[in-house]
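Written below as structure tokens is the structure these notes are about.
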């Protein structure tokens, strides 16, 4: 009796058949079963546009469609078709391992049922189901996305840094920070230091007084002034009083400018217009009053001179400006005045002598009077 075979090539033996070879036949069938359930086969489909046919070899292990896992290989220079035998229902794991930018279509050997196609760039895995319908047998892809699982694109590739992050303790408020070689978990204070925002050194720590200042109204002309217990907002006369600039208080400036900038020279006042001042001169304030003696002789010992200020002095006062500071000037010599009227000369802290020019008026008054007396005396002699 002739042997019969299943759709997948397994030999079916009838009673009394294959006497003495049942063991061999059974082993062959078991090998086929093993191959059908877990076998792997590389099938070259290399070539230009064309078809590669997968087949079943009854009772043998040589059939190209008798493996569960099939990897298509080879270089293809045109679109290829791979056909599967129309048998009972079955499924395959198919890998497109070819090279070349062309499509590969999987279909049943006969009929016009469904097909599965690899695109020109799809080199992945597909799970294929063969429905085994007698007419119009179709192939169906069971995994729509399985072939697109590319490590590094579709799924995450192994990364040591991600592994380090995965091993960190998930402590409440911890922050993941790089330490230069790996990732570590840091708590709030440590993380703020790593970020350069440590409270109290990089950013301002909370301060009740600063909070009070922030709460003050931004008023035009307002000043923030401490009142002994807190900071308050003051304006106008109140602020001047707090700064000791109201009437009844002494104010001191190193230098002062009226209508112009202060010179920066300690003790100097500059004004762009007239300065009107009155000096205390009430007789009620004075004692030991005498007229200046020998006033005319004293005047004769003084010289009104034209002169140039030295460059060092001009530079000290901010440079020549043609207004307050001029190279060419007129005046007297302090040392000459000091010899005849020392009360009109003062010596500054730096040793430089200065003249109180207004004091010379008193000397000139007496000198004119003495000169007038001489004129009157000469006139009387002439008469």
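Taking the criterion of being more than 30 Å from residue 117 (Cα to Cα), part of a strand (DSSP E or B) and touching a helix residue (DSSP H, G or I) at 6+ places or on another chain (Cβ under 7 Å), would at least one residue in segment 150-173 satisfy it?
no
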**Asked** more than 30 Å from residue 254 (Cβ to Cβ), without any contact (Cβ under 8 Å) to a residue 60 or more places away in the chain and touching a helix residue (DSSP H, G or I) at 6+ places or on another chain (Cβ under 8 Å): does that describe residue 303?
**Response** yes
**Item:** Enumeration of residues in segment 47-78 that are within 60 Å of the chain's Cα centre (by Cα), in a loop (DSSP other than H, G, I, E, B) and farther than 18 Å from residue 124 by Cβ
**Value:** 48, 49, 77, 78
**Request:** Considering only segment 248-291, state which residues are within 30 Å of residue 238 (Cβ to Cβ) and assigned to a strand (DSSP E or B).
**Result:** 256, 257, 258, 269, 271
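Quick grid of which residues meet (1) surrounded by fewer than 11 Cβ atoms within 10 Å (Cβ to Cβ); (2) more than 30 Å from residue 364 (Cα to Cα):
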position: 237; (1), (2): no, yes
position: 293; (1), (2): yes, no
position: 325; (1), (2): no, no
position: 346; (1), (2): no, no
**Request:** Residue by residue through segment 105-133, note down the ones that are farther than 23 Å from residue 75 by Cα and in contact with a helix residue (DSSP H, G or I) (Cβ under 7 Å, 6 or more places away or on another chain).
**Result:** none
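Quick one: which residue in 81, 10 is under 30 Å from residue 112 (Cβ atoms) and at pLDDT 90 or above?
On the way: 10 fails: at pLDDT 90 or above.
That would be 81, the only listed residue that is under 30 Å from residue 112 (Cβ atoms) and at pLDDT 90 or above.
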**Filtered residue count, segment 344-359, keeping only those that are touching a helix residue (DSSP H, G or I) at 6+ places or on another chain (Cβ under 6 Å) and assigned to a helix (DSSP H, G or I)** = 2
**Item:** Flag for residue 189 being under 28 Å from the mean Cα position of the chain (by Cα), in a helix (DSSP H, G or I) and not assigned by TED's automatic domain parsing to the domain that holds residue 313
**Value:** yes
**Asked** Among 69, 43, which is the only one that is surrounded by 14 or more Cβ atoms within 10 Å (Cβ to Cβ), modelled with pLDDT of 85 or more and touching a helix residue (DSSP H, G or I) at 6+ places or on another chain (Cβ under 9 Å)?
**Response** 69
**Prompt:** When the residues of segment 86-102 are filtered to those that are assigned to a loop (DSSP other than H, G, I, E, B) and buried (at least 18 other Cβ atoms within 10 Å of the Cβ), which remaining residue is modelled with the lowest pLDDT?
**Reply:** 86
**Hits in segment 330-350 - residues which are free of Cβ contacts under 8 Å to residues at least 40 places away in the same chain and more than 17 Å from residue 309 (Cβ to Cβ)** = 336, 337, 338, 339, 342, 343, 344, 345, 346, 347, 349
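The values are calculated or read from the model by the stated rules, or taken from the named source; none is laboratory data. Bear in mind the structure is a predicted one, so any value in this text is a computation, not a measurement. As a convention, Cβ positions derive from the backbone with ideal geometry for all residues, glycine included, and neighbour counts pool all protein chains shown.
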